[in-house]
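Novice: Structure in structure tokens, see below.
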Amino acid sequence: MRNKKNKHLGIEIDPELHYKLHYISKYYGRSANGEILYLIRQEIKAFEQAEGKIEVPTEADTPNKNI
């Protein structure tokens with residue numbers, strides 16, 4: 001079941017990149033969405049190791065809830 005608090009992110013990609021994403025995700029036994037989330041998490045982990053932890057503000061601290 002979907003988590004209603006999750007955010008939706010729509011992107012446009014060219015057909016070649018789309019095909020390659022699906023190829024890689026199937027190779028690793030993930031969906032394309034799962035592969036994208038895995039790659040995003042890996043990049044965030046690498047960034048935080050190099051630059052420090054990113055603190056996520058609470059809902060009360062965030063004036064613009066579109067972030």
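The values are calculated or read from the model by the stated rules, or taken from the named source; none is laboratory data. This one's a predicted model, so the numbers in the text were calculated from it and none came from an experiment. Don't worry about glycine lacking a Cβ; one is built from the backbone with ideal geometry, like all the others, and counts go over all protein chains shown. Surface areas here come from the heavy atoms of the whole protein model, side chains and all, with no ligands, DNA or RNA. Shrake-Rupley method; radii C 1.70, N 1.55, O 1.52, S 1.80 Å.
Novice: Quick one: order LYS26, LYS4 from most to least accessible surface, probe 1.4 Å.
Specialist: Output order, biggest surface exposure first: LYS4, LYS26.
Novice: Roughly how tilted is helix 15-27, in degrees to the nearest 10 and between 0 and 90, from the longest Cα axis of the chain?
Specialist: The angle comes out near 90 degrees.
Novice: Between the helical axis of 32-51 and the dominant principal axis of the chain, each derived from Cα atoms, what acute angle in degrees is found, rounded to the nearest 10?
Specialist: Roughly 50 degrees between the two axes.
Novice: Determine, for the chain, the count of lysine pairs separated by eight or more sequence positions (or lying on different chains) whose alpha-carbon distance falls under 28 Å.
Specialist: 18
Novice: What accessible area per residue, rounded to a whole number of Å², is obtained for the chain using a probe radius of 1.4 Å?
Specialist: Each residue of the chain exposes 103 Å² on average to a 1.4 Å probe.
Novice: Let me ask another. Which chymotrypsin sites (Phe, Trp or Tyr not before Pro) in the stretch 10-40 sit in a loop by DSSP (not H, G, I, E or B) and have at most 14 other Cβ atoms within 10 Å of their own Cβ?
Specialist: Within the stretch 10-40, the qualifying chymotrypsin sites (Phe, Trp or Tyr not before Pro) (loop, at most 14 other Cβ atoms within 10 Å) are TYR28.
Novice: In whole percent, how big is the carbon plus sulfur part of the accessible area of the chain, probe 1.4 Å, protein atoms only?
Specialist: Accessible surface attributable to carbon and sulfur in the chain totals 56 percent.
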